[in-house]
Amino acid sequence: MSTEADFRLPRTVIPSRYELTIAPDLEQATFAGHQVVDVEVLQPVREVVLNAAEITIADVEMVKVDGRERVVATGIEYDEERERATFSFDEALAPGEWQLLTSFRGILNDDLRGFYRSTYKDDSGTEHVIATTQFEATDARRAFPCWDEPDLKATFSVALEVAPGLVAVSNAREISAEAGDTGNVVRRFAETMKMSTYLVAFVIGEFEIQDPVDVSGVPLRVVHPPGKGHLTEFAREVGAFALDFFADYYEIPYPGDKLDLIAVPDFASGAMENLGAVTFRETALLVDKVRATRGELARVADVIAHEIAHMWFGDLVTMKWWNGLWLNEAFASFMELKCVDAFRPEWNRWLSFANERAHAMDVDGLESTRPVEYPVASPEEAEGMFDTLTYGKGAAVLRMLERFLGKETFRRGIAAYLKKHAYDNTDTADLWEALEVASGEPVGEIMSDWIYQGGYPQLDIARAEGGYRVEQRHFRFLGGGDSRWKVPALYQTDDDSGRLIVEGSSFIPTTGDSVLLNVGGDGFYRVNYPEPLLRGLAAGLDTLQATERYAVLADTWANVLAGATEAKDFLNLVGELDSEAEPDVWAAAISGLGELSRVVSSDDRPNLEKLVRDLVSPRVDELGWDTSPDDRYQTRRLRALLLRTAGILGDDAAVQATARDVLDSLATDPGAVDGDVADAAVAVVAASGGVSEFERMLQLRREAASPQDEVRYLRAAAAVPDKETALLLIDMILSGEIRSQDATWLVARLIGHRDTGRAVWERVKHDWEALLAAMPASHKWRMLDWIMYRSEPDVAVDVERWLRDHPIPGAEQITAQQLERLRVRVGLREREAPRLSRTLT
């Protein structure tokens with residue numbers, strides 16, 4: 001078994017500055033480069049070892065800074081497994097300041113990592129090629145030889161030699177553009193701050209650049225493929241707000257000299273926080289703010305805020321090694337929520353975050369979960385850190401801690417942490433130390449349980465003399481587990497409110513009859529109320545905060561999945577939502593109803609559909625299809641959610657008919673229909689359609705006016721309950737008609753489809769290797785995101801057998817988690833299908 005030491009570079013030669021020139025050839029999909037790296041030799045060595053992968057290196061020399069010595073390398077050896085190059089010299093290099101000179105060549109790959117090619121078509125159908133980078137976690141080494149570890153920070157002076165007429169962008173502002181020897185233009189950029197190699201970026205191609213917005217002296221620009229400038233207004237608005245918000249919150253000015261937000265046609269993840277040159281998937285940056293859904297606008301705001309938060313937390317201050325990745329990602333996720341909540345308070349972003357926390361808890365309630373921070377050795381293990389536990393659980397426990405310490409105390413601690421460690425690297429203990437100084441609380445002692453062990457507790461409440469006894473146990477869907485946590489809990493009784501740390505058993509004194517744990521709903525734990533208390537909570541749901549109502553629903557559903565509560569109790573709780581106005585609270589209920597729809601028998605499904613119609617139809621009739629200028633943000637979201645629920649889960653024929661009319665009107669006047677209503681109509685028509693609706697969705701995708709529309713219609717095509725059309729989408733992935741970046745989520749949805757997923761799974765097995773090859777190297781595992789819905793016992797057994805014999809490289813733990821989630825749903829089906837038959841009848 002490999003260890004971190006197997007992949008760490010020797011600390012005998014340390015870089016401090018890279019002067020890097022790159023010349024990409026977009027037509028040939030190759031690049032060439034040369035660099036001068038200022039290094040310090042710390043002890044006599046005859047070898048210089050650094051990282052390199054998929055590049056060929058030549059002309060290696062070491063030059064003493066004082067000019068008195070020049071040594072040519074006599075050997076270059078490559079270690080493909082550890083992605084290293086070793087330069088050998090006949091004589092030892094003396095300690096001191098040197099410069100390493102190298103030249104190198106490589107390919108612009110199609111793997112959406114390292115230095116890669118991306119394409120787009122203009123209005124005439126002509127294809128254009130761009131070159132762009134994605135270096136996190138360990139792929140800078142695919143573009144230039146480097147010390148590709150986060151704690152080996154340096155400054156970077158980049159020059160890009162490109163064809164005339166092409167735009168070139170890097171981390172810092174452009175300082176010159178001169179004609180090169182080959183007729184190309186050499187564009188030079190200012191030197192960056194001291195930073196890690198994974199943050200270096202260069203993007204080259206036919207782009208348009210919006211005029212800069214001055215944000216407290218920082219020029220903010222949006223860079224995008226031609227013809228999409230009308231989709232940049234919202235991004236500039238969010239970006240300008242976020243820059244000022246974070247500079248104020250952190251009490252530190254933005255550390256770069258400019259900030260470009262760059263839309264890339266092919267991008268494996270959502271975005272990448274390269275200092276000064278943030279790259280985005282188009283759907284995460286470019287949006288029609290008039291026609292988009294509220295959720296689509298929120299996603300764009302979230303991703304922009306997340307990446308700009310990283311400019312300080314991740315770029316200015318960086319984790320020492322990849323085991324500390326959560327310091328970057330969890331904190332950026334937490335800060336994106338604070339920023340967007342300030343940007344649009346009416347969005348109630350902390351409430352909608354409950355959906356993300358619930359997803360993290362779904363994974364963290366498994367035996368196969370992992371700690372937020374754990375030892376990382378290889379690059380493959382580093383890639384495995386980019387999951388819901390790092391982002392969702394990490395952000396949730398930070399929110400829980402902030403609520404416990406107080407917002408201002410927490411903010412002071414974070415600002416002090418960033419100031420102390422600017423331009424440096426840290427580990428988790430450094431963050432806890434800063435928060436302990438600010439708060440006087442034993443933060444490290446409390447939080448170590450949440451960061452260094454997987455899982456979370458459930459707090460069981462029982463009536464006791466003079467109040468309530470609270471005891472914790474390890475919550476797991478399939479039982480077992482004996483871990484314990486120091487749980488920072490907030491409570492409220494009839495006569496008091498307060499906070500306590502629940503370790504083993506705690507007591508809440510009260511003379512009243514009620515108690516609420518997890519006040520505010522922000523705790524990363526579940527609460528199990530005895531039946532009398534749960535009945536009281538259900539009867540008084542409307543007196544709770546929306547986040548608390550969500551938590552009660554989510555905890556009840558989790559216990560249904562665990563077999564501790566029957567589905568009928570969840571349905572009784574859902575039945576109290578008739579006056580609920582928050583779409584996110586409804587979403588918690590509808591998510592559970594959707595899962596029940598997957599496991600109920602086909603004979604009993606009409607009864608469940610009637611229950612859904614009875615539940616939502618009064619609100620659907622009240623809200624209607626037509627919007628009003630006076631509608632609240634949440635009202636628009638709720639209307640769309642309930643229309644979709646009635647038309648799909650409720651199989652409401654009247655809603656389906658109106659949805660078809662709305663879709664027809666979109667064809668003649670797209671701007672006449674509210675974006676959320678249009679999205680609901682598309683989903684309902686697809687889910688109740690057939691071949692003709694599938695073909696229509698593909699045609700609308702080809703005519704899409706925005707990145708969101710393109711995804712919307714592709715997602716709708718995958719929802720059509722027809723096996724042949726589902727298999728046709730697999731053909732389109734294999735032929736390249738569907739972009740690699742979209743292949744993983746599309747296959748996941750097709751596998752998870754209630755009606756067509758079984759047939760798709762058979763096809764996926766048949767074309768397993770070809771499908772994996774069609775997906776981004778770092779995201780292949782995402783195709784398993786909906787595998788848990790194949791809970792038919794015979795299919796579930798086959799899935800487990802297949803994935804055991806055909807592992808996805810680097811995804812062993814995530815595969816184990818998905819298979820355990822599948823077993824949880826198999827158990828749900830076995831328990832609740834017969835019960836639901838009796839309950840619904």
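I'd like to check something: does the range 384-395 contain any residue that is open to solvent by 40 Å² or more (accessible area, probe 1.4 Å) and at pLDDT below 90? Yes - at least one qualifying residue is present in the range 384-395. The residue that is nearest to the chain's Cα centre (by Cα), among those in the range 662-672 that are over 23 Å from residue 615 (Cβ atoms) and either among the β-branched types (Val, Ile, Thr) or not in a helix (DSSP H, G or I) (or both), is 669. The residues of the range 773-794 that are open to solvent by 20 Å² or more (accessible area, probe 1.4 Å), more than 18 Å from residue 369 (Cβ to Cβ) and in a loop (DSSP other than H, G, I, E, B), listed by number, are 774, 777, 778, 779, 786, 792.
Checking each residue in the range 154-167 for being touching a strand residue (DSSP E or B) at 6+ places or on another chain (Cβ under 7 Å), open to solvent by 10 Å² or more (accessible area, probe 1.4 Å) and of a type outside the set (Asp, Glu) picks out 155, 157, 164, 166, 167.
Results for (1) at pLDDT 90 or above; (2) under 26 Å from residue 431 (Cβ atoms); (3) buried (at least 22 other Cβ atoms within 10 Å of the Cβ), shown as yes or no for each residue.
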residue: 464; (1), (2), (3): no, no, no
residue: 499; (1), (2), (3): no, yes, no
residue: 517; (1), (2), (3): no, no, yes
residue: 523; (1), (2), (3): yes, yes, yes
residue: 531; (1), (2), (3): no, no, no
residue: 534; (1), (2), (3): no, no, no
residue: 542; (1), (2), (3): no, no, no
residue: 549; (1), (2), (3): yes, no, yes
residue: 554; (1), (2), (3): yes, no, yes
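Screening 726, 718, 654, 659 for residues that are modelled with pLDDT of 95 or more, within 18 Å of residue 636 (Cα to Cα) and not in a loop (DSSP other than H, G, I, E, B) leaves exactly one candidate, 659. Within the range 614-643, residues that are of a type in the set (S, T, N, Q) have Cβ atoms under 7 Å from residues that are open to solvent by less than 30 Å² (accessible area, probe 1.4 Å) in these pairs: 617/646; 627/674; 627/677; 634/582; 634/583, counting only partners at least 6 apart in sequence or on another chain. Checking residue 687 against (1) in contact (Cβ under 8 Å) with a residue 24 or more places away in the chain; (2) touching a Phe, Trp or Tyr at 6+ places or on another chain (Cβ under 6 Å), which test does it fail? Among (1) in contact (Cβ under 8 Å) with a residue 24 or more places away in the chain; (2) touching a Phe, Trp or Tyr at 6+ places or on another chain (Cβ under 6 Å), the lone unmet condition for residue 687 is (2).
Going by the structure shown, is residue 263 of a type in the set (Gly, Ala, Ser), outside any loop (DSSP other than H, G, I, E, B) and over 16 Å from residue 332 (Cβ atoms)? For residue 263, the condition - of a type in the set (Gly, Ala, Ser), outside any loop (DSSP other than H, G, I, E, B) and over 16 Å from residue 332 (Cβ atoms) - is met.
Scanning the range 586-645 for residues that are in a loop (DSSP other than H, G, I, E, B), open to solvent by 30 Å² or more (accessible area, probe 1.4 Å) and not acidic (Asp, Glu) gives 601, 602, 625, 627, 628, 629, 632. Looking across the range 279-296, just one residue is within 14 Å of residue 238 (Cα to Cα) and among the β-branched types (Val, Ile, Thr), and that is 287.
Each residue in the range 795-841 was checked for being free of Cβ contacts under 8 Å to residues at least 40 places away in the same chain, in a loop (DSSP other than H, G, I, E, B) and open to solvent by less than 50 Å² (accessible area, probe 1.4 Å), and 1 pass. For the range 713-746, a residue qualifies if it is open to solvent by 20 Å² or more (accessible area, probe 1.4 Å) and of a type in the set (D, E, K, R), and the qualifying residues are 715, 722, 723, 724, 731, 737, 739.
Against the definition (among the β-branched types (Val, Ile, Thr) and open to solvent by 70 Å² or more (accessible area, probe 1.4 Å)), how does residue 673 come out, yes or no? For residue 673, the condition - among the β-branched types (Val, Ile, Thr) and open to solvent by 70 Å² or more (accessible area, probe 1.4 Å) - is not met.
Taking (1) out of contact with any helix residue (DSSP H, G or I) (no Cβ under 7 Å at 6 or more places or on another chain); (2) in a strand (DSSP E or B); (3) open to solvent by less than 60 Å² (accessible area, probe 1.4 Å) in turn, residue 471 satisfies each apart from (3). Residues in the range 15-44 that are more than 19 Å from residue 159 (Cβ to Cβ) and buried (at least 17 other Cβ atoms within 10 Å of the Cβ): 39, 41. When the criteria are applied in full, residue 527 fails the requirement of being within 30 Å of residue 462 (Cα to Cα), among the aliphatic types (A, V, I, L, M) and part of a helix (DSSP H, G or I).
Could you list, in sequence order, the residues of the range 415-461 that are without any contact (Cβ under 8 Å) to a residue 40 or more places away in the chain and in a loop (DSSP other than H, G, I, E, B)? Walk me through how you get there before you give the answer.
Quick first cut of the range 415-461, residues without any contact (Cβ under 8 Å) to a residue 40 or more places away in the chain only: 416, 420, 429-430, 432-442, 444, 448-449.
Answer for the range 415-461, where residues must be without any contact (Cβ under 8 Å) to a residue 40 or more places away in the chain and in a loop (DSSP other than H, G, I, E, B): 440, 441, 442.
The values are calculated or read from the model by the stated rules, or taken from the named source; none is laboratory data. Being a predicted model, the structure only gives us computed values, none of them experimental. Note: ideal-geometry Cβ built from the backbone for every residue, glycine included; neighbour counts use all protein chains shown. Just the protein is used for accessible areas: all its heavy atoms, side chains included, with ligands, DNA and RNA removed. Shrake-Rupley method; radii C 1.70, N 1.55, O 1.52, S 1.80 Å.
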